[in-house]
Amino acid sequence: MNSAADICFVHLGITIEHLGRNISVFGFRIAFYGIIIGIGMMAGILVARSDARRRGQDPDTYLDFALYAIVFSIIGARIYYVVFDWDNYKNDLLQILNIRAGGLAIYGGVIGGVLTLLCFVKARKLSFFSMADTACLGLITGQIIGRWGNFFNCEAFGGYTDSLLAMRIRRALVNESMISQELLDHLIVENGIEYIQVHPTFLYESVWNLGVLLFMLWYRKRKRFDGEMLCIYLMGYGLGRAWIEGLRTDQLIFFATGIPVSQALSMALVVVAAAGLALGRRKIRHAEGGK
């Protein structure tokens, strides 16, 4: 590894000497994190509109929905993060509005999106589960891409590892609150520069989500009832997130319980999704048996 590098995947021979975090446009700094999130949103909209065409629906309906969902998902993601990290905001409430400093939680965004969809379908007199089946394809597409924003922010990583995908990061680039004692115990010093070596959990989740998306794209022509694709998304994403969240060093904790809130929520969603799949298929069997 080049000792002056910012990031290195030590066993893959991939080294990034300087990791930029933003670009300047007319003197205004735009973070790569925001750019990547934006790309993820646009890609998600394109995927959802494409699936709508395949299903004979109006693609513009999903564009209209996205205009609302993006706003309220960001609000939801921020509220979720602040609620479960309240100690860092209670003494400076104005910082709640400073999202440029980071602090968005994907599950809060999902909750915001679901609530927005409930209101949208009621106003348009549409089917919630039918729209959700297509919208979740766009959602997971955005998640696949959006996770790479964490790479540029040097966040959303796990504890120490020396596995094949181990990622070494210059300590000075990382928020100290994310560095666990385990990482400090395995601190690496090269030519006076300190590095931590971690699980790249952002990468794990991006790859896992890609696998879930590919399965959903394969399965969608075989779906039997409205809401089935939503259940598959919740189960697939939930299973991966429950595992990956356990590796992370920056978990949001469910108040004083010591339980990672996203891990608990992921497991709950897996159970709910499994029940939804079982119930939906049971109704189909009963309907077919009654013919």
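The values are calculated or read from the model by the stated rules, or taken from the named source; none is laboratory data. Here the structure is a predicted model, which means the values were calculated and not measured. Here the Cβ positions follow ideal geometry from the backbone for every residue, glycine too, while neighbour counts run over all protein chains shown.
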Discussion item. Can you pull out every residue in region 96-129 that is hydroxyl-bearing (Ser, Thr, Tyr) and crowded, with 17+ Cβ neighbours inside 10 Å?
Written reply: TYR107, THR116
Item to complete: Give just the number: which of (1) in contact with a Ser or Thr (Cβ under 9 Å, 6 or more places away or on another chain); (2) farther than 13 Å from ALA156 by Cβ; (3) of a type outside the set (Phe, Trp, Tyr); (4) at pLDDT 95 or above does ASN191 not satisfy?
Response: (4)
Worksheet entry | Flag if GLY103 is outside any helix (DSSP H, G or I), closer than 30 Å to TYR62 by Cα and of a type outside the set (Val, Ile, Thr) | yes
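Of the residues GLY40, GLY20, only one is out of contact with any His (no Cβ under 9 Å at 6 or more places or on another chain) and over 24 Å from LEU210 (Cα atoms); which? Give the derivation first.
Values: GLY40 fails: over 24 Å from LEU210 (Cα atoms).
Residue meeting the stated conditions: GLY20.
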Worksheet item: Going through region 193-207 one residue at a time, which ones are more than 16 Å from ILE145 (Cβ to Cβ) and hydrophobic (A, V, I, L, M, F, W, C)?
Response: ILE193, ILE196, VAL198
Discussion item. Being more than 26 Å from PHE202 (Cβ to Cβ), of a type in the set (Gly, Ala, Ser), more than 16 Å from the chain's Cα centre (by Cα) and surrounded by 12 or more Cβ atoms within 10 Å (Cβ to Cβ) is true for just one of ALA52, ALA48, ALA5. Which residue is that?
Written reply: ALA52
Worksheet entry | Selection within region 58-115 - under 24 Å from ARG21 (Cα atoms) and among the polar types (S, T, N, Q) | SER73, ASN88, GLN95, ASN98
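Quick one: is GLY108 at pLDDT below 95, closer than 25 Å to VAL207 by Cα, in contact with a Lys or Arg (Cβ under 8 Å, 6 or more places away or on another chain) and in a loop (DSSP other than H, G, I, E, B)? Walk me through it before giving the result.
On the way: at pLDDT below 95: yes; closer than 25 Å to VAL207 by Cα: yes; in contact with a Lys or Arg (Cβ under 8 Å, 6 or more places away or on another chain): yes; in a loop (DSSP other than H, G, I, E, B): no.
Taking the combined requirement at face value, the residue does not satisfy it.
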Worksheet item: Any residue in region 148-168 that is surrounded by 16 or more Cβ atoms within 10 Å (Cβ to Cβ), assigned to a helix (DSSP H, G or I), at pLDDT 95 or above and out of contact with any helix residue (DSSP H, G or I) (no Cβ under 7 Å at 6 or more places or on another chain)?
Response: no
